[in-house]
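The values are calculated or read from the model by the stated rules, or taken from the named source; none is laboratory data. On a predicted model such as this, the values are computed, not experimentally measured, just so you know. In this analysis, Cβ positions are derived from the backbone assuming ideal geometry, glycine residues included, and neighbour counts consider all displayed protein chains. Heavy atoms of the whole protein, side chains included, go into the accessibility calculation; ligands, DNA and RNA do not. Shrake-Rupley method; radii C 1.70, N 1.55, O 1.52, S 1.80 Å.
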Amino acid sequence: MKQPIFQGVCTAIVTPFTSSGEVDFNTFDRLIDRQLAAGVSAICVCGTTGESATLTEKEHEELIDACVRRVDGRAKVVAGTGSNSTANALSLSREAQALGADALLLVTPYYNKTTQTGLIRHYEYIADRVDLPIIVYNVPSRTALGCTAQTYEALSHHPNINGIKEASGDFSLIARTRALCGNELNLWSGNDDQTVAMMALGGQGVISVYSNLMPENMVAIAQKCLEGDFSGATALQRGAMELMDALFLEVNPIPVKTALNLSGTEVGPLRLPLCEISSSHLDMLKHAMKRAGLSMHDAT
């Protein structure tokens with residue numbers, strides 16, 4: 001049985017930028033403090049929500065280092081180190097290990113994709129060369145590549161491959177994976193709106209976008225699931241669904257960074273090719289925020 005890296009909520013934290021486009025480390029520290037105060041179990045740094053695709057290698061290193069230092073053992077630090085180049089993913093993973101991260105999040109290779117055999121070799125190659133536990137990130141909507149249950153079974157035999165962040169939305173895949181892998185591969189939801197269903201199938205929690213805005217709510221949902229109160233968790237998630245949906249009106253993290261700025265937590269602009277939210281979606285996001293009880297400022 002593999003012990004999960006964390007249980008409950010891991011916030012896929014945004015990367016704040018200054019108006020001139022540099023990483024805003026002072027705000028980054030405040031964002032982390034806010035999450036820890038709310039009781040999250042882990043912080044995922046340099047993930048998709050953190051605009052990892054636009055970070056330089058130096059920024060990637062500095063952000064992981066800043067996160068590890070600020071968290072200071074109060075929660076787990078999961079570093080996003082995925083790439084469509086196995087050699088580059090290994091380099092990023094070794095860097096994160098040297099900086100003190102607790103675990104690695106590795107998205108499936110994108111663009112050049114690969115076969116299922118290639119996927120297994122990619123992850124095993126990296127897992128053989130690092131000491132940290134690895135979370136496989138399956139998000140076919142972004143990568144045009146998905147893992148099969150048989151691939152998960154093969155990966156589950158490696159001692160350094162701890163689990164999967166599942167964002168495929170394929171519950172048949174998840175059920176088959178649970179049947180094949182049991183407790184040798186931990187499961188975390190990669191979609192906020194599927195947290196309760198995923199945890200009902202044996203998931204350990206969620207790697208969350210929504211918790212950037214409302215961490216206490218997400219922690220409460222996950223905690224009820226861990227306690228076996230799925231009826232209570234469902235009621236809480238039902239109340240959060242409108243805002244969860246609004247945070248994906250456009251590609252993540254456009255809505256969540258917009259919402260943080262609107263709520264008075266200034267996280268700055270997005271980096272191209274991501275751009276400002278459309279006016280129609282902005283109105284919908286504001287409406288969802290208002291209904292969720294979030295105060296708004298004039299800044300967007």
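Which value, in debye to the nearest 20, describes the size of the charge dipole of the chain about its Cα centre when Lys and Arg Cβ atoms bear +1, Asp and Glu Cβ atoms bear -1, and nothing else is charged?
Details: 23 positive and 32 negative charges, 96 e Å.
Dipole magnitude for the chain comes out near 460 debye.
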**Fill in**
Which of Lys113/Lys286; Lys76/Lys165; Lys2/Lys224; Lys224/Lys286; Lys76/Lys286 exceed 26 Å between C-alpha atoms? The answer is Lys113/Lys286; Lys224/Lys286; Lys76/Lys286
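How about segment 193-300: which GluC sites (Glu not before Pro) there are in a DSSP loop, with at most 14 other Cβ atoms within 10 Å of their Cβ? Mind dumping the intermediate values first?
On the way: sites: Glu216, Glu227, Glu242, Glu250, Glu266, Glu276; in loops: Glu227, Glu250, Glu266, Glu276.
Here the GluC sites (Glu not before Pro) that fit, given the DSSP loop and packing criteria, are Glu227, Glu276.
Give me the Kirkwood hydrodynamic radius of segment 12-169, using the inverse of the mean 1/r over all pairs of distinct Cα atoms, in Å to one decimal.
Values: mean 1/r = 0.0631 Å⁻¹.
Computed over Cα pairs of segment 12-169, the Kirkwood hydrodynamic radius comes out at 15.9 Å.
Only Cα pairs under 8 Å and at least 6 apart count here; give the relative contact order of the chain as a rounded whole percent. Kindly include the intermediate steps, with their values, before the conclusion.
Details: 572 pairs, mean separation 55.8, N = 300.
Relative CO of the chain lands at 19 percent.
If you restrict to DSSP beta bridges whose two residues both lie in the chain, what percentage is antiparallel, to the nearest 5?
Values: 1 of 30 bridges.
Close to 5 percent.
For segment 68-126, which trypsin sites (Lys or Arg not before Pro) pass both filters: DSSP loop (anything but H, G, I, E, B) and at most 15 other C-beta atoms within 10 Å? Before the final figure, lay out each step's value.
Details: sites: Arg69, Arg70, Arg74, Lys76, Arg94, Lys113, Arg121; in loops: Arg74, Lys113.
Of the trypsin sites (Lys or Arg not before Pro), the ones in loops of segment 68-126 whose Cβ has at most 15 other Cβ atoms within 10 Å are Arg74, Lys113.
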**Asked** Can you work out ³J(HN,Hα) from phi for every residue in segment 51-62, in order, using Karplus 6.51 cos²θ - 1.76 cosθ + 1.60 and θ = phi - 60°, giving whole Hz and x for Gly and Pro?
**Response** 6, 4, 5, 9, 7, 6, 4, 5, 5, 4, 5, 5
**Prompt:** Residue farthest toward the positive end of the dipole of the chain, with Cβ of Lys/Arg at +1 and Asp/Glu at -1: which of Thr195, Leu90, Ser231?
**Reply:** Ser231
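Given an 8 Å cut-off on Cα distances and at least 6 residues of separation, report the relative contact order of segment 5-122 as a percent. Please report the intermediate quantities before stating the final value.
Values: 177 pairs, mean separation 27.7, N = 118.
It comes to 24 percent, rounded to a whole number.
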**Fill in**
One finds the C-alpha centres of segment 10-38 and segment 149-174 to be spaced, in Å, by 30 Å
**Message:** Restricting to DSSP H runs of at least four residues, report the calculated mean residue ellipticity at 222 nm for the chain, -39500 (n - 2.57) per run over all residues, nearest 500 deg cm²/dmol.
**Reply:** -13500 deg cm²/dmol
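Could you please state how large a percent of the accessible area of segment 94-209 is carbon and sulfur, counting protein chains only and using a 1.4 Å probe? Could the numbers behind the result be given before it?
Values: 2090 of 4390 Å².
After summing per-atom areas, the C and S share lands at 48 percent.
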